[in-house]
Amino acid sequence: MARAKELTPKVLVVGGGPGGYVAAIRAGQLGLETVLVEKAVLGGACLNRGCIPSKALIHAAGSYAQMRDRFEAPHMGLSLSSAPKLDFAETIAWKDGVVAKLNGGVAALLKRAKVQVVTGAAQFTDAKTCQVETGEGPVQISAEAVILATGSTPVELACLPFGGDVLSSTEALALTEVPKHLVVVGGGYIGLELGMAFCKLGAQVTVVEAGPRILPQYDAELTEPVRRSLIRQGIALHLGAKATGRGADGALLILDTDGSEHSLAADKILVTVGRRPVTEGFGLETMGVAMAGPFIAVDSALRTSMRGVYAIGDVTGEPMLAHRASAQGEVAAEIIAGLKRRFEPIAMPAVCFTDPEIVSVGLSPTEAEAQGHPVLVGQFPFAASGRALSMDATEGFVRLTARRDDHRLLGAQAVGAHVSELSATFVTALEMGAVLEDLASMIFAHPTLSEGFHEAALKALGHAIHI
Ligand code: FAD
Ligand code: NAD
């Protein structure tokens with residue numbers, strides 16, 4: 001057996017997703033000798049089979065649907081004399097090109113930060129030592145500090161194991177033909193983002209959700225415009241329904257809340273019922289770290305229970321979001337470098353890229369009240385926004401919640417076209433401790449959707465101008 005090459009960096013990062021690669025770059029920037037081990041492709045789930053490819057597909061699907069709408073129904077003086085053509089294999093190739101460009105970017109950034117990338121699966125033998133079988137032979141790495149960023153994988157249903165025409169999001173993002181009948185099991189983030197995209201691309205889509213409503217992470221007022229949009233787009237919705245298996249003809253069998261059984265025609269079934277942390281298969285059990293349920297337990301310094309071992313990203317729990325993983329990565333690297341940092345965000349934005357989009361930062365009115373705060377709520381409908389009207393997208397609203405006594409902002413949400421871009425304004429206001437009077441006295445550019453934030457603050461203070 002070949003003798004293992006030995007590396008003894010200060011920092012070993014395991015996993016090259018948005019958590020791990022950001023941690024490695026930051027550690028490198030701080031002058032720490034850093035090795036990053038990635039068993040697959042740099043960029044992790046987010047870049048290769050998550051955030052980026054899904055948003056590329058959603059964008060292409062939206063463009064195609066707009067063209068088809070103008071062919072079917074001229075509007076704004078726009079029409080098409082023949083139906084637009086979709087070369088879906090070409091769309092997927094374009095999406096793959098976007099991913100490849102970003103993969104190359106991540107590799108270049110790591111190189112610039114002088115991070116050594118080792119390609120292969122890390123297998124730990126103790127808390128600070130791992131072995132990696134690389135294309136060039138075995139490598140043994142012993143580090144002073146270890147950052148675990150092994151991410152998450154899709155949850156599988158026992159009655160619908162992945163394979164064949166039962167897809168996880170990974171396979172759905174690699175299809176080269178639009179399915180005729182797509183049944184989506186799970187009406188959460190991925191199911192609705194991808195379900196809506198495939199509907200726009202021409203698939204007949206059915207969503208089966210076990211809960212009483214879609215997108216349970218968000219309050220019902222925010223998700224209602226998305227529910228209406230699903231129905232308008234012709235997506236069939238089965239709420240309170242559970243998948244039980246498949247019929248002989250390949251159809252999906254579901255059990256409704258009233259106990260009735262249905263069979264749904266499906267040539268592809270997309271199962272999106274959540275993701276689970278990757279904690280097995282790399283020797284975690286030899287590292288002596290404590291768990292918090294299925295996740296690796298960490299404190300606000302991202303320390304595990306084992307000295308010198310840190311964990312970040314999806315493997316540490318909810319919310320499983322790329323920007324949370326990256327923010328944790330920066331904090332972990334800075335703490336290892338001796339800086340005084342903590343991961344204690346006030347504002348963790350969440351965006352759902354459905355049509356319309358949803359953005360939420362901080363508390364909803366109901367959550368704020370449940371925490372014992374008497375609140376003021378201001379809501380501004382996009383139907384009264386010049387920008388929304390000029391974009392022909394008036395559905396939705398901006399809503400904010402503030403403490404009744406001192407007017408301190410507690411949360412901001414919006415639903416509507418392009419509202420993902422409001423997340424920065426909402427985060428900034430919350431992190432900087434804005435009060436309603438701050439927002440009311442600031443000048444927001446006209447015409448923009450962000451004016452809705454200003455108007456919502458005026459509304460909460462009782463003197464809205466445009467409603
Ligand atoms: P991951 O990105 O999962 O990366 C972990 C990496 O570790 C992987 O590359 C894996 O190969 C590697 N690894 C694991 N074990 C080992 C080992 N033993 N040795 C070496 N390498 C190892 N989040 C958002 O914020 N916005 C979105 O719009 C969004 N859209 C999404 C869409 C989809 C379809 C999916 C599936 C997810 C989406 N997410 C989104 C979630 C986001 O992808 C994750 O939160 C994020 O990728 C987590 O980053 P991470 O670094 O913790 O883990
Ligand atoms: P999810 O948690 O968002 O939604 C899963 C849905 O499946 C829930 O509504 C749940 O009630 C339902 N469900 C569970 N078991 C079921 C069953 N047996 N039958 C029918 N429905 C069932 O999970 P996801 O959509 O798989 O996404 C995973 C995670 O990835 C998200 O929680 C999020 O953290 C991340 N993500 C984020 C974004 C974004 O930020 N825009 C996009 C995609 C994914």
In Å and whole numbers, how far do the C-alpha atoms of the chain stretch along each principal axis, longest first?
70, 62, 47
What full-extension length gain, to one decimal in nm, is calculated for Arg404 and Ile346 as 0.36 nm per residue of separation minus the Cα-Cα distance?
19.0 nm
Are there cysteines in the chain with no second cysteine's Cβ under 4.7 Å away, and if so, which?
Cys130, Cys159, Cys199, Cys352
Step through the residues of segment 146-151 one at a time and calculate ³J(HN,Hα) from phi using the Karplus curve (6.51 cos²θ - 1.76 cosθ + 1.60, θ = phi - 60°), rounding each to whole Hz and writing x for Gly and Pro.
10, 10, 8, 9, 7, x
Label-zone membership for segment 145-185, site Ala265, 7 angstrom Cα→C-beta point, backbone N under 17 Å:
178-184
For Gly15, what is the net charge nearby, where nearby means another residue's Cβ is under 10 Å from its Cβ and Lys, Arg count +1, Asp, Glu -1?
-1
Out of residues 5 or more away from Ala434 or on other chains, whose amide H comes under 5 Å of its own, with H placed 1.01 Å from N in the peptide plane?
Leu409
Considering amide H positions built from the backbone, and no H for Pro or chain starts, which residues 5 or more places from Val185, or on another chain, come under 5 Å of its amide H?
Val208, Leu270, Val271, Thr272
Least to most buried among Ser63, Ser385, by other C-beta atoms within 10 Å and fewest first, runs Ser63, Ser385
Per-peptide average of other Cβ atoms within 10 Å, ordering 376-384, 353-361 highest first
353-361, 376-384
Count charges around Ile214 for me, please; just the other residues with Cβ under 10 Å from its Cβ, Lys/Arg as +1, Asp/Glu as -1.
0
Under the Karplus relation 6.51 cos²θ - 1.76 cosθ + 1.60, θ = phi - 60°, what is the ordered set of whole-Hz ³J(HN,Hα) values for segment 290-301, x standing for Gly and Pro?
7, 10, 10, x, x, 9, 7, 6, 9, 9, 6, 9
For a quick check: sort Ile58, Ile443, Ile235, Ile25 by the number of other beta carbons within 10 angstrom, fewest at the front.
Ile443, Ile58, Ile235, Ile25
Per-residue counts of other Cβ atoms within 10 Å, averaged by peptide: what ranking do you get for 35-42, 82-89, highest first?
35-42, 82-89
Label points 7 Å out from Cα along the Cβ direction at Phe444 and Glu136: separation in nm?
5.3
Quick one: 3J(HN,Hα) in Hz for segment 368-382, Karplus 6.51/-1.76/1.60 with θ = phi - 60°, rounded, Gly and Pro as x.
5, 5, 4, 8, x, 8, x, 10, 10, 10, x, 10, 10, x, 5
Within segment 331-357, the residues whose backbone N lies under 11 Å from a label point placed 7 Å from the Cα of Ala383 along the Cα-to-Cβ direction are none
Quick one: Cα convex hull volume of segment 166-273, Å³ per residue?
92
Over the chain, the sum of -39500 (n - 2.57) across DSSP H runs of at least four, divided by residue number and rounded to 500 deg cm²/dmol, gives at 222 nm -9500 deg cm²/dmol
Residues with amide H under 5 Å from that of Gln204, placed H, sequence gap 5 or more:
His181, Leu182
Would you mind ranking Lys114, Lys340 by Cβ crowding within 10 Å, fewest neighbours first?
Lys340, Lys114
Semi-axes a, b, c in Å (a largest) for segment 350-461, each sqrt of 5 times a Cα gyration tensor eigenvalue, come to 22, 15, 12
Cross-link reach from Lys85 to lysines, straight Cα distance under 19 Å and at least 8 residues apart if same chain, gives Lys95, Lys180, Lys200
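Every number in this text was worked out from the coordinates using simple rules, so none of it is lab data. Just so you know, these numbers come straight off a predicted model, no measurement behind them. Cβ atoms come from the backbone with ideal geometry, glycine included; neighbour counts cover every protein chain shown.
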